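Undergrad: One structure follows; several queries about it will come next.
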Amino acid sequence: MRASVLSDWLAQRLDRGNGQPIYRQLHRLLQQAILSRELPAGSKVPSSRLLAQELGIGRNTVTQVYEQLVLEGYVNSATGRGTFVADSAPDEIIGAPDADPAQARGAASTQAAAALPLPQPATRALSTRGARLIAGAGVSKRQWGAFMPGVPDVTKFPARVWSRLHNKYWRRLRPDLLTYAPGGGLPALRHALADYLRTSRSVRCTPGQIIITTGIHQSVDLAVRLLSDPGDVIWTEDPCYWGVRSVLHVSGLQSRPIAVDVEGIAPCADDLAQPPKLMLVTPSHQYPLGTVMSLARRRMLLEYARQHQCWIIEDDYDSEFRYGSRPLASLQGLDTSGQVIYVGSFGKTLFPGLRIGYLVVPEALAESFATASAELYREGQLLQQAMLAEFIAEGHFTSHIRKMRTLYGQRRQTLLDAASRRYGDALPAVGGDAGLHLVMQLPDGSDDRRVAAAALARNIIVRPLSGYYAQPSLAPSGLLIGYACVPDEEIAPAFDTLAEAIDATLPQFA
Ligand SMILES: Cc1ncc(COP(=O)(O)O)c(C=O)c1O
């Protein structure tokens with residue numbers, strides 16, 4: 001992990017609202033980064049001045065944490081040269097009975113370390129797979145506020161309707177809604193969804209092909225478990241959503257990142273020569289760039305998948321929100337040979353915390369998916385599923401989407417106006433005519449992680465584009481800016497604050 005990447009990694013994990021002193025959090029996070037080898041032995045940590053500035057915390061706090069880490073043997077400090085990660089982390093020295101402390105090169109003071117209580121970082125007992133998951137985790141502690149990407153405006157959810165349905169179902173208590181779910185989920189919801197997906201998304205399905213899950217993460221997990229074995233290859237788009245990337249890694253799949261061009265995923269001849277078991281694509285709205293997969297590319301992928309018997313997982317996470325043009329038909333609707341597994345979610349259309357999503361699987365697989373889902377996850381939430389089925393049947397779902405599409409379209413324009421007032425054409429936005437975020441490109445070679453960390457220090461959440469690529473150091477630089485959850489009147493002031501962070505970080509705007 002480079003020093004600038006470390007600042008961003010730390011900034012994403014420090015939580016000013018959780019009641020734990022920043023000193024303790026920073027200390028624990030640095031221990032974790034060293035023990036998981038995210039910060040490899042010998043690497044230089046940023047100076048206390050720089051780290052304090054990038055995290056927006058006191059320099060004294062950083063100095064004290066560094067001093068403690070020196071005492072514990074995690075890092076060495078060399079006057080005039082800086083602070084470096086020790087060659088052996090203290091738990092290796094103390095924890096391994098056969099290790100000869102005298103050979104523990106570079107540890108500052110084994111005696112001092114032995115005298116202190118052993119640190120208990122979260123990664124100590126984890127498997128290799130677990131430690132890798134935690135080290136690469138992208139999830140943010142904060143999920144709300146300007147400019148959180150991918151989060152809808154949950155304050156506009158029709159709470160009154162929902163509460164009426166809630167009361168209705170609890171008044172007439174039905175034991176069958178309080179038990180585990182039958183495999184696949186509540187029939188009423190599967191029916192309502194089949195109607196919606198057929199008419200709005202051109203998905204070809206019967207209710208029996210729909211499996212209700214807790215969201216796209218779980219849908220992808222289930223599909224991968226049932227259709228592949230550890231070691232199988234999956235094509236993922238490069239860039240892609242880090243959340244599903246983590247799900248794939250933990251399943252033991254080998255991800256092969258495939259570049260994306262203006263027509264969507266673009267496998268080269270070398271890629272095509274080695275057919276994968278699965279591919280995961282976002283055809284309606286490439287995440288995070290916003291490209292729409294062309295019809296020619298859709299046809300090519302479907303034909304290739306048919307010939308080589310690969311599965312295509314179509315992640316249709318936010319296709320309902322297109323501004324200026326009609327939502328596009330799904331890839332699944334073009335599939336005539338049953339190669340596509342379609343996954344969707346109510347996370348963007350209603351609210352992320354609802355945790356209800358769905359898979360549409362080929363008819364021949366439906367029974368197995370339903371059984372596996374109940375077997376693996378012991379599904380529940382039937383009461384919420386009943387409420388949701390009625391919410392859809394009464395027309396609230398489609399009218400909520402219509403209302404939010406107008407609102408998000410306005411917010412997107414307000415953000416674009418604020419950006420162009422401040423930067424003209426210098427920082428162009430891409431992928432903004434659909435979805436809940438846009439990508440603002442930063443000049444080549446600029447460090448988007450530092451900009452994001454500087455923004456976070458000012459209480460603005462943006463995500464660095466490079467982090468979505470398989471090789472962040474070679475990736476284009478940019479920021480994902482979510483506008484959907486920010487009230488119209490707060491967008492311009494929040495953008496000004498973001499601009500302060502950009503100007504303070506990138507010399508060309510200083
Ligand atoms: C491309 C993409 N897929 C899936 C998800 C997550 O979906 P869910 O909340 O249903 O698990 C996200 C969330 O931001 C996303 O961006």
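Undergrad: Identify the single condition in (1) within 30 Å of Gly130 (Cα to Cα); (2) buried (at least 17 other Cβ atoms within 10 Å of the Cβ) that Ala41 does not satisfy, given that it satisfies every other one.
TA: Status for Ala41: all satisfied but (2).
Undergrad: Taking the residues in the stretch 197-212 that are within 16 Å of the ligand (Cβ to nearest atom), closer than 19 Å to Leu331 by Cβ and not charged (D, E, K, R) as candidates, determine which candidate is nearest to the chain's Cα centre (by Cα).
TA: Ile211
Undergrad: In a helix (DSSP H, G or I), farther than 16 Å from Gly357 by Cα and assigned by TED's automatic domain parsing to the domain that holds Val244: does that describe Thr199?
TA: yes
Undergrad: If you don't mind, another one. Among Arg322, Arg306, Arg256, Arg298, which is the only one that is more than 15 Å from the ligand (Cβ to nearest atom), within 21 Å of Gly467 (Cα to Cα) and basic (Lys, Arg)?
TA: Details: Arg322 fails: within 21 Å of Gly467 (Cα to Cα); Arg306 fails: within 21 Å of Gly467 (Cα to Cα); Arg298 fails: within 21 Å of Gly467 (Cα to Cα).
Criteria check complete, one pass: Arg256.
Undergrad: Scan the stretch 142-171 for residues that are assigned to a helix (DSSP H, G or I) and either modelled with pLDDT under 95 or away from the ligand (no atom under 16 Å from the Cβ) (or both) and report the count.
TA: Count: 15.
Undergrad: For the stretch 363-382, which positions are away from the ligand (no atom under 15 Å from the Cβ) and surrounded by fewer than 18 Cβ atoms within 10 Å (Cβ to Cβ)?
TA: Glu363, Ala364, Glu367, Ser368, Thr371, Ala372, Ala374, Glu375, Leu376, Arg378, Gly380
Undergrad: Looking at the stretch 32-139, what helices (runs of 4 or more DSSP H) fall wholly within it and have at least 2 residues that are modelled with pLDDT under 80 and either touching a Pro at 6+ places or on another chain (Cβ under 8 Å) or not acidic (Asp, Glu) (or both)?
TA: Passing ranges, in order: 59-72, 90-95, 110-115.
Undergrad: Given Val292, Val224, which one is assigned to a loop (DSSP other than H, G, I, E, B), within 16 Å of the ligand (Cβ to nearest atom) and out of contact with any Lys or Arg (no Cβ under 8 Å at 6 or more places or on another chain)?
TA: Criteria check complete, one pass: Val292.
Undergrad: Of all the residues that make up the stretch 334-352, how many are near the ligand (Cβ under 9 Å from one of its atoms) and within 20 Å of Glu379 (Cα to Cα)?
TA: 6
Undergrad: Looking for whichever is within 16 Å of the ligand (Cβ to nearest atom), closer than 15 Å to Thr213 by Cβ and among the aliphatic types (A, V, I, L, M) here; the options are Leu328, Leu359. Which one fits?
TA: Leu359
Undergrad: May I pose another question? Within the stretch 63-76, does at least one residue satisfy the condition of being closer than 26 Å to Arg463 by Cβ and buried (at least 16 other Cβ atoms within 10 Å of the Cβ)?
TA: Initial filter on the stretch 63-76 (closer than 26 Å to Arg463 by Cβ): 65.
Add one more test, that the residue is buried (at least 16 other Cβ atoms within 10 Å of the Cβ), and what stays is 65.
Yes, the conditions are met somewhere in the stretch 63-76.
Undergrad: Checking Arg256 against (1) of a type in the set (Lys, Arg); (2) touching a residue at least 60 places away in the same chain (Cβ under 8 Å); (3) in the same structural domain as Ala273 (by TED's automatic domain parsing), which test does it fail?
TA: Arg256 satisfies all of (1) of a type in the set (Lys, Arg); (2) touching a residue at least 60 places away in the same chain (Cβ under 8 Å); (3) in the same structural domain as Ala273 (by TED's automatic domain parsing) except (2).
Undergrad: Quick one: in the stretch 25-63, of everything that is touching a Lys or Arg at 6+ places or on another chain (Cβ under 6 Å) and among the small types (Gly, Ala, Ser), which residue is farthest from Ala11 (Cα to Cα)?
TA: Checking each candidate, the answer is Ser48.
The values are calculated or read from the model by the stated rules, or taken from the named source; none is laboratory data. Not measured: the values here are computed from a predicted model. A quick note on method: Cβ atoms are made from the backbone with ideal geometry, for glycine too, and the neighbour counts reach across all protein chains shown.
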